[in-house]
Amino acid sequence: MNTLDLQAVGLRTINSQLHSLDPQTNERDWLITNPLGQHAIACGLHTPLTITIDGHVGFYCGGMNAEAHITVQGHAGVGVGENMMSGLIRIKGNASQSAGATAHGGLLIIEGDASSRCGISMKGVDIVVGGSVGHMTGFMAQSGNLVICGDAGEALGDSIYEARLYVAGSVESLGADCIEKPMKTEHIEQLAALLERAEINKDASTFRRYGSARKLYNFDIDHADAY
């Protein structure tokens with residue numbers, strides 16, 4: 001394993017070195033020490049690397065990730081995994097606002113809690129939260145799966161499109177056009193596989209599923225106050 005000390009060499013040097021690696025490199029395993037809560041660590045990677053960050057990270061860690069597997073041994077600031085395309089990001093602690101925002105693919109795992117607006121405008125990513133989430137989670141979520149093993153705050157799935165939301169705990173309130181939907185066998189099987197990939201031991205049959213009522217797809221003057 002190669003080790004990069006952020007405190008010693010600086011953020012720009014670390015990101016530059018990771019970006020400069022040849023896609024066929026044998027140097028796949030990297031450890032970043034002393035992250036010191038810095039922003040934009042390991043952003044925009046496009047090589048199948050395995051990166052462990054030993055500590056807490058600031059804003060947008062792993063943003064635009066493609067192919068890399070990133071593990072944060074601590075908490076993450078705003079926008080972790082924002083616009084990620086593929087690969088895997090695992091947060092061993094909690095995540096701040098907008099985790100996985102606009103992400104197109106890959107798997108984002110938050111073992112602790114996530115703050116507000118988790119998974120907003122998600123476009124195909126799978127997100128698994130081991131704890132609870134804050135308000136406006138899944139706002140305008142377009143596609144993908146968002147799994148919440150704890151509770152959800154206000155306005156879950158507000159203005160949701162076709163993403164699937166799975167919640168094991170309580171939901172404070174549902175957002176506009178978000179409704180509870182039946183948990184069929186296909187959903188339980190899909191959820192069980194996702195929980196297994198995330199290495200979270202939770203019974204898929206105990207979850208409830210939420211999604212779009214599809215009433216906001218077209219403007220209706222008689223329901224203008226719902227927009």
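The values are calculated or read from the model by the stated rules, or taken from the named source; none is laboratory data. These figures come from a predicted structure and were not determined experimentally. Methodologically, a virtual Cβ is constructed for each residue, glycine included, from the backbone with ideal geometry; neighbour enumeration extends over all protein chains shown.
Cβ-Cβ distances below 9 Å connect the following pairs, each with a first residue in region 195-206 that is among the basic types (Lys, Arg), a second residue that is assigned to a loop (DSSP other than H, G, I, E, B), and a separation of six or more residues or different chains: Lys202/Gly130; Lys202/Cys149; Lys202/Ala168. When Gln24 is tested against (1) touching a residue at least 24 places away in the same chain (Cβ under 8 Å); (2) within 23 Å of Ser86 (Cβ to Cβ); (3) not small (Gly, Ala, Ser), exactly one condition is not met: (1). Among the residues of region 88-99, count how many are crowded, with 24+ Cβ neighbours inside 10 Å, assigned to a loop (DSSP other than H, G, I, E, B) and of a type outside the set (Gly, Ala, Ser). Total satisfying the criteria: 0. One residue stands out among those in region 181-200 that are outside any helix (DSSP H, G or I) and more than 18 Å from the chain's Cα centre (by Cα): the one that is surrounded by the fewest Cβ atoms within 10 Å (Cβ to Cβ), which is Pro182. Considered as a group, the residues in region 170-180 that are surrounded by 15 or more Cβ atoms within 10 Å (Cβ to Cβ) and of a type in the set (A, V, I, L, M) include one that is farthest from the chain's Cα centre (by Cα), and that residue is Ala176. Can you tell me which residue in region 20-35 is farthest from Ala76 (Cα to Cα), limited to those that are at pLDDT 95 or above and loosely packed, with under 15 Cβ neighbours inside 10 Å? Only one residue fits best here, namely Asp29.
Restricting attention to region 106-133, which residues are touching a residue at least 24 places away in the same chain (Cβ under 8 Å) and either surrounded by fewer than 19 Cβ atoms within 10 Å (Cβ to Cβ) or among the charged types (D, E, K, R) (or both)? If the condition is that a residue be touching a residue at least 24 places away in the same chain (Cβ under 8 Å) and either surrounded by fewer than 19 Cβ atoms within 10 Å (Cβ to Cβ) or among the charged types (D, E, K, R) (or both), then Glu111, Gly112, Asp113, Ser116, Asp126, Gly131 are the ones that fit.
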